[in-house]
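The block underneath contains the structure these notes are about, expressed in structure tokens.
Readers should treat all values here as calculations from the given coordinates under stated rules, not as data from a laboratory. Quick caveat, the model's predicted, so the values are computed rather than measured. Because the Cβ atoms are built from the backbone with ideal geometry, glycine has one as well, and the counts that use them run over all protein chains shown.
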Amino acid sequence: MFDSLRSLLELVYPPQCINCNALGEDFCEVCKQEWIAPTRCISVSPIPMWSSAHYSRVATRIILLAKENNNLAARKVLAQAIAQSIEHISANAGARRLVLIPIPSSKKMNRKRGFTHGQSLAQEVGRHFNNRPVVLSALVHNRSVRDQSEIAMSARELNLHGAYSVNARKGAISPSDLVLLIDDLITSGSSVREAVRALKSANIFPEAAISACAVGAAFRLR
């Protein structure tokens with residue numbers, strides 16, 4: 001019954017590409033070609049950082065739709081890219097439990113948006129796996145920070161240094177877990193470095209950071 005209802009709704013309101021508005025599907029094949037990229041490691045410091053999509057005008061629109069408009073179709077596109085990288089790096093992980101820790105937005109932005117983007121994205125990523133990962137919102141902001149997109153790359157490290165604290169009950173993570181940081185975009189890498197610092201101070205050791213995409217085709221972190 002639900003499939004029939006969905007088919008009827010699609011006849012009346014055919015799906016449109018979230019980027020170009022072409023009729024037919026939520027994310028058209030033309031736009032996918034600008035988005036899709038091979039899964040690749042973009043840095044190994046302080047932990048391996050992985051990405052599997054190009055940063056482009058398409059990526060900008062998808063991220064904004066998911067992050068600012070709570071658009072489910074856009075979130076699914078981001079989640080698919082992140083899940084692709086996780087599948088790549090966890091192929092030999094065996095029966096280890098996956099724990100996904102989202103990079104947090106500030107409390108101010110969460111209030112403004114009315115939802116928690118990082119947690120919603122990580123939960124959508126989890127739907128790609130038969131054995132659902134644990135989504136643990138262990139990182140929180142402990143002070144006000146400026147929007148990273150509004151300041152120069154060179155100032156982003158200082159802006160975030162010491163800004164994250166860990167909020168996780170004892171025993172929530174076991175030594176055998178495969179702990180991964182999750183984010184939609186990596187630019188300077190400062191958010192990942194601050195997350196690793198905070199988690200290590202609480203004896204939590206993430207093994208990799210996974211983003212949907214990273215800035216620049218020749219992007220390298222130093």
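Over the chain, Cα pairs under 8 Å with separation of 6+ residues give a relative contact order of 23 percent.
Kindly provide the chymotrypsin sites (Phe, Trp or Tyr not before Pro) of the range 43-126 that DSSP labels as loop, not H, G, I, E or B, and whose Cβ sees at most 16 other Cβ atoms within 10 Å.
Passing both the DSSP loop test and the Cβ count: F115.
Just checking the listed ones, K108, K32, K67: in the Gaussian network model of the chain with Cα springs under 10 Å, the one fluctuating most is K108. Taking amide H atoms as placed 1.01 Å from N in the peptide plane, the amide H of A22 lies under 5 Å from those of C17, each 5 or more residues away in sequence or on another chain. Nearest 10 degrees, 0 to 90: what angle lies between the long axis of helix 57-69 and the longest principal axis of the chain (Cα atoms)? With rounding to tens, the tilt is 80 degrees. Backbone amide hydrogens, once placed in the peptide plane, bring I186 within less than 5 Å of C213, A214, V215, excluding anything fewer than 5 places away on its chain. Considering only R197, R132, R169, the mean-square fluctuation computed in a Gaussian network model of the chain, springs between alpha carbons under 10 angstrom, is largest for R169. Equivalent ellipsoid of the range 57-104: semi-axes from √(5λ) of the C-alpha gyration tensor, largest first, are 26, 12, 8 Å. Less than 5 angstrom separates the built amide H of N71 from those of A66, all sequence-distant by 5 or more or on a different chain.
Karplus-based coupling profile of the range 99-110, in residue order and whole Hz: 10, 9, 10, x, 5, x, 8, 5, 4, 4, 5, 4, with θ = phi - 60° in 6.51 cos²θ - 1.76 cosθ + 1.60 and x standing for Gly or Pro. Couplings 3J(HN,Hα) for the range 200-215, derived from phi with the Karplus relation 6.51 cos²θ - 1.76 cosθ + 1.60 (θ = phi - 60°), are 4, 5, 9, 6, 10, 10, x, 9, 6, 10, 10, 10, 5, 8, 9, 6 Hz, where x marks Gly and Pro.
List the pairs from K76/K200; K170/K200; K32/K107; K112/K170; K67/K170; K32/K108 whose alpha-carbon separation is above 24 Å, in the order I gave them. Flagged as over cut-off: K76/K200; K32/K107; K112/K170; K67/K170; K32/K108.
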